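See below for the structure under consideration.
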Amino acid sequence: MTGLKNQGVPDAGHALHLLRQMLRVRRLEEKCIELYSAAKIRGFLHVYIGEEAVAAGVMETLAPDDAVVATYREHGHALLRGVSAGAILAEMYGHAEGCCRGRGGSMHLFDAATRFYGGNAIVAGGLPLAVGLALADRMAGRQRVTVCFFGEGAVAEGEFHESMNLAALWQLPVLFCCENNLYAMGTALGRSESQTDIALKAAAYEIPAWAVDGMDVLAVEEAARRAVDAVRSGGGPHFLELRTYRFRAHSMFDPELYREKSEVAQWMERDPISLLQGAMEAAGQLPAEDWTALQADVEAEISTAVGFAENGTPEPVSELLRFVYSDRPDDGNGGTGNAEATGNPEATGKGRAAG
Amino acid sequence: MKTTYREAMRAALRDAMQRDDRVFLMGEDVGRYGGSFAVSLGLLEEFGPERIRDTPLSESGFVGAGIGAALGGMRPIVEIMTVNFSLLALDQIINNAATLLHMSGGQFNVPIVIRMTTGAGRQLGAQHSHSLEGWYAHIPGLRILAPATLADARGMLWTSLQDPDPVLIFEHGSLYNVAGEIDDDAGAVDIAKAAVLRHGDALTLITYGGTLPMVLDAAEQLAGEGIEAEVIDLRSLRPLDEHTILDSVARTHRAEVVDEGWRSGSISAEITARIAEKAFYDLDAPVERVCSAEVPVPYAKHLEQAALPSVERIMAGARRAVGAGG
């Protein structure tokens with residue numbers, strides 16, 4: 001299944017870049033867990049550890065003006081799309097310097113500059129958005145691609161099927177990336193789906209679909225490139241089922257009663273980072289000093305990001321009602337609806353200037 | 001010129017499509033069928049299937065696609081056949097349209113307009129007849145409009161399309177055939193303020209949407225009894241133009257709220273509470289409410305009519321309010 005064997009990789013420089021990308025996500029999230037345990041971060045925290053090859057491989061194939069829609073397990077997608085680790089951590093700290101000024105948290109990272117449309121925590125709720133973003137591109141005659149990530153749990157939702165149908169019916173430029181990590185929270189795929197071959201579901205809507213080893217970043221990248229190119233050149237929606245595994249608990253509250261430790265251990269033998277690292281090392285493509293330098297670089301990036309988040313400022317409570325409606329230049333209070341919304345006369349006026 | 005509510009809506013759609021290339025209409029049977037209430041009849045021929053876009057029966061899918069298209073720079077108008085069907089799209093309307101701007105820290109506003117039919121009175125039973133606009137008005141992030149007049153049917157759409165945030169327009173099914181005169185050059189209207197449609201000093205009748213015609217009728221008949229009622233058409237349920245309500249109550253000292261929605265936890269309850277909070281000392285009588293009976297809307301004509309507000313009930317409430325207190 002995997003193309004990663006001990007004969008090495010075709011382009012060591014590029015592979016090193018992918019290794020770096022995966023490691024950046026891994027170290028960021030290990031730090032998140034640490035900060036969560038130290039109560040610096042609260043709310044839900046869903047880490048992507050074990051699945052990094054998926055985001056790393058797919059993001060590599062996108063152009064700057066393409067769009068990305070992701071789920072609540074999206075720290076890695078945001079980071080690899082170009083949102084800084086500092087802005088991500090500051091968001092989890094609930095600080096004004098966070099990518100959503102503390103309104104979103106771990107599950108709702110957004111970034112207009114990189115066209116990163118969340119951070120969607122309703123399972124399958126992001127799929128219709130991706131269809132619409134692609135519809136807008138089609139109607140405006142733009143050659144852009146919208147990539148939509150979702151877990152295999154989403155395929156049980158009606159919104160998944162409605163979105164497959166709309167995208168195929170209208171031949172929209174969307175790439176659907178199903179991150180099949182085998183568990184919808186604690187419910188195994190085989191316990192929730194009558195048909196467990198997910199690519200078949202997309203094929204039923206006449207969408208070209210294929211399954212990919214989601215632990216092999218090179219295989220993911222190759223499949224994604226093929227699919228993205230097809231979508232961009234007018235081939236309609238495409239679908240990838242990326243077979244992967246979540247090494248950690250669903251969230252920080254999950255006691256993992258639903259799976260055996262031996263199963264986790266077995267999958268960890270195919271850790272996407274170790275797989276690539278091992279293949280490169282065995283072929284003499286990853287000198288020890290390069291690996292050491294890479295780790296040091298990543299550690300430095302994360303350490304700087306933690307410092308940025310630590311030194312952030314809480315969003316002022318006077319801004320509480322901001323962004324419920326768009327700021328409007330004519331009313332000077334962040335939208336006509338805001339003051340009204342609470343019936344609170346104190347909500348008008350100060351600190352609510354537009355822009 | 002002479003027009004109907006339906007024709008005024010259609011003129012508004014045509015006007016918007018002509019003025020802005022980003023505008024398109026999407027929904028079930030809006031194209032070939034001509035719209036389930038014939039609002040978009042003829043527009044497919046004029047604008048083509050890309051911009052008058054028929055959808056499958058996938059409310060969540062196409063409402064969500066409308067939200068995505070709005071994020072992508074378009075100005076979609078999404079038509080949902082009835083408010084009851086909009087419940088299939090609640091996830092998209094409430095979890096996405098109403099929240100994205102806030103969750104993203106102000107980065108992603110959603111300029112979508114969602115139109116739907118609301119209300120009872122046509123013997124369509126409990127899955128096609130409810131009035132849930134007040135329920136939507138509970139949601140921060142949405143703007144909720146209820147055009148009740150021909151001028152508003154003609155003018156609210158364009159203003160809504162200029163709004164950077166999601167706007168839901170509720171069209172009461174009984175209004176589509178209402179005919180009357182509007183100005184030849186009728187166009188965009190404000191969508192923030194309530195309108196005082198009749199002046200009077202005996203009490204304030206507050207309503208919106210489908211019950212406006214019966215409230216105006218009741219006010220005429222009350223005038224014959226010597227009770228001059230002021231009539232407020234709310235027009236917008238969120239934001240609620242509290243100022244116009246309180247200003248009127250300060251002059252009339254009595255109020256009656258008429259709402260086809262159910263009474264409990266409703267927009268009529270909200271209005272009544274605000275009067276109690278902010279105009280308590282202006283009141284000379286308890287606030288009266290005329291709402292629908294708390295029952296799923298029944299089919300049989302006599303049962304349905306018994307469940308809904310009526311001119312008689314409105315007049316009875318007004319007489320109680322005027323007769324009470326000093």
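Data table
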| read-out | value |
| --- | --- |
| Length-normalised contact order of chain A in % [C-alpha pairs under 8 Å, at least 6 apart] | 22 percent |
| Residues B:Ile191, B:Ile139, sorted so that the one with the fewest Cβ neighbours within 10 Å comes first | B:Ile139, B:Ile191 |
| Rounded to 5, the percent of DSSP beta bridges in chain A classed as antiparallel | 15 percent |
| Antiparallel DSSP beta bridges within the stretch B:2-181, as percent of all bridges there, nearest 5 | 10 percent |
| Dipole in debye (nearest 20) - the stretch B:195-324, about Cα centre, beta carbon charges: Lys, Arg +1; Asp, Glu -1 | 220 debye |
| Distance between the stretch B:1-53 and the stretch B:144-207 - C-alpha centres, whole angstrom | 18 Å |
| Stretch in chain A that is longest and holds no GluC sites (Glu not before Pro) that DSSP places in a loop and that have at most 14 other beta carbons within 10 Å | A:1-205 |
| Computed label-point distance, nm, for sites A:Ala63 and A:Gln143 using a 7 Å Cα→Cβ extension | 0.5 nm |
| Cβ-based charge dipole, the stretch B:87-241, positive-most Cα from B:Ser160, B:Ala186, B:Leu216 | B:Ser160 |
| Cα extents of chain A along the three principal axes, largest first (Å) | 69, 49, 41 |
| Phi-based couplings in Hz for the stretch A:92-104 (Karplus 6.51, -1.76, 1.60; Gly and Pro marked x) | 5, 6, x, 9, 4, 7, x, 5, 10, 6, x, 7, x |
| Cα pair distances in the stretch B:2-181, grouped into 5 Å bins until the bin that holds the longest one, percent each | 1, 9, 18, 23, 23, 16, 7, 2, 1, 0 |
| From phi via Karplus (6.51, -1.76, 1.60), per-residue ³J(HN,Hα) for the stretch A:106-119 in Hz, x at Gly/Pro | 3, 7, 10, 8, 9, 7, 5, 4, 9, 6, 9, 9, x, x |
| Percent antiparallel among DSSP beta bridges (both partners in the stretch B:195-324, rounded to 5) | 20 percent |
| Percentage of interatomic Cα-Cα distances in the stretch A:92-186 larger than 17 Å | 55 percent |
| Sequence of B:Ile112, A:Ile88 once ranked by neighbouring C-beta atoms within 10 Å, starting from the fewest | A:Ile88, B:Ile112 |
| The stretch B:93-211: Cα Rg divided by the 2.2 N^0.38 Å rule of thumb | 1.18 |
| Euclidean distance of C-alpha centroids, the stretch A:266-299 and the stretch A:105-159, integer Å | 32 Å |
| Amide H contacts under 5 Å for A:Thr71, placed H, 5+ residues apart | A:Gly119, A:Asn120 |
| Degrees, to the nearest 10: A:272-282 long Cα axis against longest axis of chain A | 40 degrees |
| Sites A:Leu200 and B:Ser36, calculated FRET efficiency, Cβ-Cβ separation with R0 35 Å, nearest 0.05 | 0.50 |
| Distant-in-sequence amide H partners of B:Gly261 (H built 1.01 Å from N, under 5 Å) | B:Ser292 |
| Farthest toward positive dipole pole in chain A [+1 Lys/Arg, -1 Asp/Glu at C-beta], among A:Gln7, A:Thr146, A:Ala199 | A:Thr146 |
| Using θ = phi - 60° and Karplus 6.51 cos²θ - 1.76 cosθ + 1.60, couplings along the stretch A:49-61 (whole Hz; Gly, Pro as x) | 4, x, 9, 4, 4, 5, 4, 4, x, 6, 4, 4, 9 |
| Nearest-ten-degree value, helix B:242-252 long axis tilted from longest Cα axis of chain B | 20 degrees |
| Residues A:Met185, B:Met9 arranged by fewest to most Cβ contacts within 10 Å | A:Met185, B:Met9 |
| Helix-only [θ]222 nm of chain A, DSSP H runs n ≥ 4, -39500 (n - 2.57) each, per residue, nearest 500 | -13000 deg cm²/dmol |
| About the Cα centre, charge dipole magnitude for the protein assembly as shown (Lys/Arg +1, Asp/Glu -1 at Cβ), debye | 220 debye |
| Cα convex hull of the protein assembly as shown - mean projected area over all directions, nm² | 32.2 nm² |
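Coordinate-derived values only; no laboratory data. If you're wondering where the values come from, they're calculated on a predicted model, not measured in any experiment. Ideal geometry is used to build each Cβ from the backbone, glycine not excepted, and the neighbour counts take in all protein chains shown.
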